[in-house]
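Okay, so here's the structure we're looking at.
What follows is calculated from the coordinates using simple rules that are stated; it is not laboratory data. The structure displayed is predicted, hence computed values, not measured ones. Every residue, glycine as well, gets a Cβ built from its backbone with ideal geometry; the counts of neighbours run over all protein chains shown.
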Amino acid sequence: MGSRLNWKRVSSLIDQIKVGLDETLEEQLAWLAPGYGTYRILKKSIDARQQVPYWVYRVETFPPGETPSVNSFPVDRVKKTPKERPIIIGAGPAGLFAALRLVERGIPCLLFEQGSEASQRMKSIAAYWRYGNLSKTNNVCFGEGGAGLYSDGKLITRIKSPHIPYVLNRLVKFGAPEEIQYLSNPHVGSDKIRKVIPPMREFLKQNGCEIFFDTAVEKVVFRNGKTSGVLLKEGKTISSNTVVLATGHSSVDILHHLFTDSVYMEGKSFAIGLRVEHPQKEINRIQYKSYAEHPSLGAANYRLARHDKKTGIGVYSFCMCPGGYVISSGTDDDGIVSNGMSNYKRNSPFANAAIVVSVDYEKSFGKDVFSGLMLRKELEQKAKAAVVAKGGNKQFPSQSVLGFLDRKEVDLLPSSSPSGCIPARLDTLLPSEISRKLADALETFSRTMPGFISPHAQLLGVETRTSCPIRVVRNADNFQSISHEGLYPAGEGAGYAGGITSAAVDGVRIADAIAITIEG
């Protein structure tokens, strides 16, 4: 007689499931996986390359009675206690995730942030946008959450890292929408990411991270080429043989201090340009055509790039914000900087994106480490001077796309910016080579996306903080400065990241490297 075999059904992966705009995923699964019990979405994206857009899914199905396992991404704790608590400078994505990973590993730490908690920071930013009253320590770049708190909460990244699922999981743990773990273009939204930060802060405080807001670090202190702590601007020195430099792309003073102390750094290629703004309905029509108003689609986005093979110079869209706002994000009274953000629902009637030109550092500046920062400051000051010359103080210098291409000043168009706009010749404000590259790229982009050059499209300036034009060079194996032991350059400000996710991942990698050093 044959014996009865007990077979256990296992989950199945189904890729490239195409779902029409008026269909449901469940309808497709009914015939692709008959008799399935539950399912889990692994990836979701929109394909709008054809006349009729459709959703594309990757799904894991489970038989009846089987529950999908939940990966909590546990972290191994260290077996040794460090002699001194690591110090983290900066509460942006890199600093916060370095702190999170450290405390999850059982390593207590100190976190210093020159700005305030997110709620207090909001008040200072509102005063800047409305009245032009800039706080040097509480602005769009400085304060809890860093620049990422006001840049749409976009989590798109081009890096490949096994730590990305961990970062997304922890954001969901503290209140971000679960969909960020499977959407191809995930974003939390500036309104929702502000609600993620406080629970994360409380978790850090309850698990061994002591946080000091409104406490600026003057400089990192070294002794015999090794890190020995930090000097606060209030005059107090805090000792530690481990310092994580997570100061963001706009903390210039501390870079000068590091240079004075012979910390090895180098110029890094970056990008500068302008921010372009369209009515969102125009972008929807370009991308979705006759389906632009379909309720399941929402605000369309885009990604554009033009590469000159002869010169190696690229022009590309950056930080695209569907249904968003153009926001002022300067850190100096004498400069103006543009940026973009969107709330979770992306329901502003405008779409915006930076259109920037790559600057090859070595070809442009040679070995002068601070020339990129000097160019950045010069352009920001020129933008402010153009506004002041027209009687403004906080507005963006603005020019329609058609005016930019025709090289003439024209009437202003409506804008999403809470700071307002003032007419200016952006084509002459920028260096002539940059201006010409932008004009050529706009023509190219309008062939890729017919209608991109529109009577309703406007440029606002200047976009200069895409990344820090300096890299504080570190070892590839232990992530410490190649010149000063115990200094861990991290995130955007050190030249190792370019957005929320990549900065957070970098903070995680730094924390893991510190844990390895502690274990010895």
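Would region 52-168 count as rounded, prolate or oblate if I go by the C-alpha gyration tensor, calling it rounded below 1.5 in a/c and otherwise prolate when a/b exceeds b/c, oblate otherwise? Oblate shape, in that a/c is at least 1.5 and b/c is the bigger or equal ratio.
Of all aspartates and glutamates in the structure, the ones whose alpha carbon falls short of 12 Å from that of LYS18, not counting any fewer than 8 places away in one chain, are GLU26, GLU27, ASP47. Rounded, prolate or oblate, given the Cα gyration tensor of region 12-62, with a/c below 1.5 counting as rounded? Prolate shape, in that a/c is at least 1.5 and a/b is the bigger ratio. Among residues other than PRO423 with Cβ under 11 Å from its Cβ, the summed charge is +1 (Lys and Arg +1, Asp and Glu -1). What shape does region 272-423 take by its C-alpha gyration tensor, where a ≥ b ≥ c are the square roots of the eigenvalues and a/c under 1.5 counts as rounded, a/b above b/c as prolate, and the rest as oblate? Oblate shape, in that a/c is at least 1.5 and b/c is the bigger or equal ratio.
Using a Förster distance of 22 angstrom, determine the FRET efficiency expected from the C-beta separation of LEU25 and GLU60, and round it to 0.05. The pair LEU25/GLU60 has a calculated efficiency of 0.95.
Fully extending the segment from VAL52 to ARG130, taken as 0.36 nm per residue of separation minus the present Cα-Cα distance, adds 23.8 nm. Cα centroids of region 351-389 and region 487-520: 27 Å apart.
Of the peptides 340-348, 461-469, the ranking by mean beta-carbon count within 10 Å, highest at the top, reads 461-469, 340-348. The modelled label-to-label distance for the pair GLN206/SER184, using points 7 Å beyond Cα in the direction of Cβ, is 3.9 nm. Ordering SER467, GLY498, ILE283 by the projection of their Cα atoms onto the charge dipole of the chain, which places +1 on the Cβ of Lys and Arg and -1 on the Cβ of Asp and Glu, puts GLY498 at the extreme positive end. Site pair HIS294 and THR428 shows an inter-label distance of 4.8 nm when each label is modelled 7 Å from Cα along Cα→Cβ. By DSSP, the beta bridges lying fully in the chain are antiparallel in about 75 percent of cases. Pairs with C-alpha atoms separated by more than 18 Å, drawn from the list LYS44/LYS154; LYS154/LYS281; LYS192/LYS281; LYS309/LYS437, are LYS154/LYS281; LYS192/LYS281. In this simple spin-label approximation, ASN393 and ALA305 carry label points 7 Å from Cα along the Cα→Cβ vector, and these lie 4.3 nm apart.
Averaging the sequence gap over all C-alpha pairs within less than 8 Å and six or more residues apart, then dividing by the number of residues, gives the chain a relative contact order of 18 percent. Charge dipole (Cα centre; +1 on Lys/Arg Cβ, -1 on Asp/Glu Cβ; no other charges) of the chain amounts to roughly 500 debye. Residue order for TYR488, TYR36, fewest other beta carbons within 10 angstrom first, comes to TYR36, TYR488.
Straight-line cross-link partners of LYS394 among the lysines, defined as a Cα under 17 Å from its Cα and at least 8 positions apart when in the same chain: LYS123, LYS136, LYS377, LYS382, LYS384.
The order of the peptides 471-481, 416-426, 362-372 by mean Cβ neighbours within 10 Å, most packed first, is 416-426, 471-481, 362-372. Cross-link partners of LYS173 among aspartates and glutamates, defined as those whose alpha carbon lies under 15 angstrom from its own and excluding same-chain residues fewer than eight positions apart: GLU104, GLU202.
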